[in-house]
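Below is one structure, written out as structure tokens, with a few remarks after it.
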Amino acid sequence: MEILRVTDLKKTYGTGDTAVEALKGVNLSVEKGEFIAIVGTSGSGKSTLLHMLGGLDRPTSGTVSIDGKDIFTLKDEELTIFRRRKIGFVFQSFNLVPVLSVYENIVLPIELDGNTPDKEFVDTIIDTLGLSDKRDSYPNQLSGGQQQRVAIARALSSAPQVILADEPTGNLDSKTSQDVMGLLKVMGERFAQTIIVITHNEEIAQTADRIIRIEDGLIANKEVLTWQKKNA
Amino acid sequence: MAKEKRINGPMVNNKKVIRSIAAKTVMANPGKSLVVVLSIALCTFMFSALFTISGSLIAKFQDDTNRQIGTSCNAGVKYLNEEEYNRLVSDKSLKNVTGSIHVGTAVNDELNKIFAQADYHDEASAKKSFCYPEVGRLPEKENEISVSSLILQAFDMKADSKEDYESLLGKNLSLKLSGKDKEQTKDFVIVGIHTGDQVAMAQIIVVSKEFQEKFSPTPTSSYYDNAASMSFNDCFGRIDAEVDFFIPLFFKYQIEKAIKRNGLPEDTQYGINWGSVGSSADFGTIAFVVLMLFTIFLSGYLIINNIYRINVYTDIRSYGLLKTVGTSSKQLKKIVNRQALYHSVPGIIIGITGGIVAGSLLLPMLMDGMAISESIDSKAVINIWILLFSALFSYVTVRISVRKATKLASGVSPIEALHYTENNSFRGRHRNHSATFTATRFAFRNVFKEKKKCFFVVLSLALSMTVLSTVFTLLIGFDENKYISNFLMTDFSVADATTDNLAVSNHVYDGITPSFLDEVKKLAGISKLGNVYAEPSIQNLNSRDYSRFKERCKRYYKS
């Protein structure tokens, strides 16, 4: 079942002589439950693509549909609420709210929606990610890997349609990077979550089911199915 | 099912998380929060000090004038009979109505220098007219009186303290009372004494109802049935109603409405308390007060606005992050507003406390140079309404000041917040010579990098000084000598005491003799001496001139 569709997505920054075409017409389809890695060199447009997929920025033209809904037909406030309910984010720099504890960061999207967190579900996520003894700690008391795990937990807690991860291992050492990617994959499988990871690291990308290459604002002609997908 | 509900559920109560984020943000950076709290405290300090001083001065001026007039009520309606008075009493649109009855005037020789008025007052009226006994009670029997200490002193009775008053209770006082076409000397028993006021136009002798009904009974007919032929004598025994309004403004308008509403004659005589702030509140005065309040508000607004804008700039990445994880613009506004509330509470409390203390300490210094300090104390009047008004004024200023900051925070784009800098509209000027780079030059250029911001910062600093110097000038800059010279030509005026005593029927106009003048000329320090000559006369008017004269008097009193 298709969960995300991108149609002729374009994004241009600036005007006239200083205009930069970050995306030149991207087309993409993602199935529910897929774990996709989008790889590209620096400046290829992969982060721009992720921002568009998550509704963090608006394109110059084109559409992004999540669960059948064209997200750019929504007004800013509606888009924010849509993002809160349907999309989970994991960033390179973790982006945790420094004044909230680990638990409060994890349940933030749920509480912003005015709902009560499903205790059992949240506890499962916390336990699976190995954060049980860090519930009351604050982000500045955690290591990089722990902070990224909290970010993953936050992304999962609201049971979104899609999780978007922008260079989630960018600020981590190799060992921790492997751990984090492994956790993402496990959590994706366990909760039937669709995950899209942006990375420039080919090795990291190998953990995904499918690798999509982006160059100069366009998807490369060939998609690469990883060995996991081939052997599924 | 729970997950479905979580995804598709409606927006419900998320106050708890908003409050939590706001509170934790405030607590997370105590240094920054302290700066904000102090800025709010300083503004509140300024507001409450100003309001304490001005409120106290207004109350004291008002009190002083009330004491001169002899009543604290808003307005009075004169010469009523019982039926007319009762109409006013039952008027629900009036806050309070009390009444007094003019019985007569004490004309003993000892009272040549005092206008001693004998009235009947009930308890409420006596309190309003500053003649309620401090020692003893109001009179009940025909021969009982409650009296001003200054009247007793005129009779050479020692009445300087409460102990003296106590010793005088039960003593006799013989008074020669002049009423309607009669004069009567009667021995009264002193049952109550109040401290007489030097500034009052008349000293009061309170008689009992029993005496009033015998000496000056209240006529049943209306004074205004034939007011043209009435003389001052016809006022004895008539009720003077003292009225208070729910809204102490526009007294003339309100009393005229009350007279009309209660079916009283159109030419009913009334007076308004000209000492009250509300009596002279015309639109010009109100506009001036509003302008002053706006200037004071603006000076506070600019300071707090600048502080919060800086706050938001430094937290912009946090707000962008919150936007990214799904905090809506409305929620971000609520978070910033809630932070403002958490800053306001301690700031306002500190500011009000400091402002009241400062106002109370400054007031005696300010009043020291004023003539009013001769007749009234310089203690600050701390009123719950001043406190509430200062707190409300400060809180409203904070809420309005924060609006731009909330708009900035709520409008942040998640992507832009990651690399947010202030709007750099600086256009570098080409410099023909190379200048040595110094910190001063860098600071100077940075100040003018954003001209609009620079303007508002300078304005906020300047406006506070403007408010301070304006208020100081208004209070201290008043030259009493210059003001008084508009009304008086001399430093001293000497005349026989009966010259301007309304109570006395036999006025002496030649009390100043040539030999007296010779003695005055010999006094050291006399630079100039002049004489004013007067002689009483009766002006004969024909009916036409009398009508014109009466009409002008009516217009004068009504204005």
β-branched (V, I, T), farther than 15 Å from B:Q212 by Cα and part of a strand (DSSP E or B), is that true of B:T98? yes
Specify the residue that is farthest from the chain's Cα centre (by Cα); the eligible residues are those in segment A:45-76 that are more than 12 Å from every other protein chain (Cβ to nearest Cβ), touching a residue at least 40 places away in the same chain (Cβ under 8 Å) and part of a loop (DSSP other than H, G, I, E, B). A:T60
Which condition number does B:T185 fail, the rest of (1) among the β-branched types (V, I, T); (2) surrounded by fewer than 20 Cβ atoms within 10 Å (Cβ to Cβ); (3) at pLDDT 95 or above being met? (3)
Any pair with Cβ under 6 angstrom, 6 or more apart, that starts in segment B:25-53 at a residue that is within 14 Å of chain A (Cβ to nearest Cβ) and ends at one that is among the hydrophobic types (A, V, I, L, M, F, W, C) and assigned to a helix (DSSP H, G or I): B:S33/B:V26
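For segment B:111-121, name all the residues that are at pLDDT 90 or above and of a type outside the set (A, V, I, L, M, F, W, C). Please lay out each step first, then the result.
The initial filter retains those residues of segment B:111-121 that are at pLDDT 90 or above, namely B:116-121.
Correct list: B:Q117, B:D119, B:Y120, B:H121.
Mind telling me which of the residues B:E123, B:E110 ends up being without any contact (Cβ under 8 Å) to a residue 60 or more places away in the chain, in contact with a helix residue (DSSP H, G or I) (Cβ under 6 Å, 6 or more places away or on another chain) and under 25 Å from B:E166 (Cβ atoms)? If you could, list the steps in order and put the result at the bottom.
Details: B:E123 fails: in contact with a helix residue (DSSP H, G or I) (Cβ under 6 Å, 6 or more places away or on another chain).
From the options B:E123, B:E110, the qualifying one is B:E110.
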Do you know which of the residues in segment A:190-210 that are touching a residue at least 40 places away in the same chain (Cβ under 8 Å) and in a helix (DSSP H, G or I) is farthest from the other protein chains (Cβ to nearest Cβ)? A:E202
What about A:F35, is it touching a residue at least 12 places away in the same chain (Cβ under 8 Å), within 14 Å of chain B (Cβ to nearest Cβ) and of a type in the set (F, W, Y)? no
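Please pick out the residue among A:I87, A:I81, A:I106 that is surrounded by 22 or more Cβ atoms within 10 Å (Cβ to Cβ) and over 21 Å from A:G145 (Cα atoms). Steps first, answer last, please.
Details: A:I81 fails: surrounded by 22 or more Cβ atoms within 10 Å (Cβ to Cβ); A:I106 fails: over 21 Å from A:G145 (Cα atoms).
Just one listed residue meets the conditions, A:I87.
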Could you tell me which numbered condition B:V103 fails, if it satisfies all but one of (1) farther than 27 Å from B:V243 by Cβ; (2) touching a residue at least 60 places away in the same chain (Cβ under 8 Å); (3) not charged (D, E, K, R)? (1)
Residue selected from segment B:502-552 under the condition at pLDDT below 80 and under 30 Å from B:I272 (Cβ atoms), by the criterion surrounded by the most Cβ atoms within 10 Å (Cβ to Cβ): B:V504
Test of understanding: among B:G300, B:G326, which residue is at the interface with chain A (Cβ under 9 Å from one of its Cβ atoms), surrounded by 16 or more Cβ atoms within 10 Å (Cβ to Cβ) and small (G, A, S)? B:G326
B:G351 meets each of (1) in contact (Cβ under 8 Å) with a residue 60 or more places away in the chain; (2) among the small types (G, A, S); (3) within 14 Å of another protein chain (Cβ to nearest Cβ) with one exception, condition (3)
Note on segment A:58-78: residues surrounded by 19 or more Cβ atoms within 10 Å (Cβ to Cβ) and of a type outside the set (V, I, T) are A:P59
Could you please give the count of residues in segment B:28-77 that are among the aromatic types (F, W, Y) and surrounded by fewer than 21 Cβ atoms within 10 Å (Cβ to Cβ)? 1
Looking for whichever is closer than 24 Å to A:R84 by Cβ and touching a residue at least 12 places away in the same chain (Cβ under 8 Å) here; the options are A:L218, A:L184, A:L172. Which one fits? A:L184
Is segment B:362-376 home to any residue that is β-branched (V, I, T), part of a helix (DSSP H, G or I), at pLDDT 85 or above and over 20 Å from B:I310 (Cβ atoms)? no
Could you say which residue among A:S42, A:S101 is away from chain B (no Cβ under 12 Å), farther than 15 Å from A:L164 by Cβ and either in contact with a helix residue (DSSP H, G or I) (Cβ under 9 Å, 6 or more places away or on another chain) or touching a residue at least 24 places away in the same chain (Cβ under 8 Å) (or both)? A:S42
Any chance B:I310 is over 19 Å from A:E111 (Cα atoms), surrounded by fewer than 18 Cβ atoms within 10 Å (Cβ to Cβ) and in contact (Cβ under 8 Å) with a residue 60 or more places away in the chain: no
One residue is enough: does segment B:4-14 have a residue meeting the conditions surrounded by 20 or more Cβ atoms within 10 Å (Cβ to Cβ) and either at pLDDT below 90 or within 12 Å of another protein chain (Cβ to nearest Cβ) (or both)? yes
Looking across segment A:88-97 at residues that are part of a loop (DSSP other than H, G, I, E, B) and at the interface with chain B (Cβ under 7 Å from one of its Cβ atoms), the single one that is nearest to the chain's Cα centre (by Cα) is A:N95
Give me the residue from segment B:469-499 that is surrounded by 14 or more Cβ atoms within 10 Å (Cβ to Cβ) and part of a helix (DSSP H, G or I) and, out of that set, modelled with the highest pLDDT. B:T470
Which one of these is within 14 Å of chain B (Cβ to nearest Cβ), under 24 Å from A:A192 (Cβ atoms) and surrounded by fewer than 21 Cβ atoms within 10 Å (Cβ to Cβ): A:D166, A:D136, A:D127, A:D123? A:D123
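The values are calculated or read from the model by the stated rules, or taken from the named source; none is laboratory data. None of these values were measured; they are calculated from a predicted model. In this analysis, Cβ positions are derived from the backbone assuming ideal geometry, glycine residues included, and neighbour counts consider all displayed protein chains.
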